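Coordinate-derived values only; no laboratory data. In this text, all values refer to a predicted model and were calculated from it rather than measured experimentally. Glycine gets a Cβ as well: all are built from the backbone with ideal geometry, and neighbour counts include every protein chain shown.
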Amino acid sequence: MNLTRTTQTLAKLGTCVLGCALCLTVAALLTACGNSSSPPAQSSTGHSMDAMKGAAQDAVAAGQAAADAVKDAAEDAVAVNAKCPVSGDPIDAKGAKVVYDGKVYGFCCDDCIKAFKANPAKYAKAQ
């Protein structure tokens, strides 16, 4: 498997894990209502809300780990471009990179990364 395909796979995995973590966290928070005199809240499957909160927290941690792996893979990957998609200047080969639509883009500076992230479709089309 080449590095670009690995990066694409990691990006998809990271997005999926983060989405699941967010859903679990919201579900746990929305259903955790009650007062201290009530018995522990139970889910429809009989699981305690504390256990569900713990699972949601674990999912968030796993999502962050996946996001970090994607970021690390992008930093190690070779960019598809030789010129910055925002400014047109030569990219900094050792600089930060961004994965967008399964491709790794390099940039000349941090300001161009911010501009790209604000409107990636606009700048990716230029490549």
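For the pair Lys94 and Lys125, what calculated FRET efficiency results from E = 1/(1 + (r/R0)^6), where r is the Cβ-Cβ distance and R0 = 22 Å, to the nearest 0.05?
With a Förster radius of 22 Å, E is 0.25.
Taking 0.36 nm per residue of sequence separation and subtracting the Cα-Cα distance, how much length would be gained by fully extending the chain between Lys114 and Ala61, in nm to one decimal?
16.5 nm
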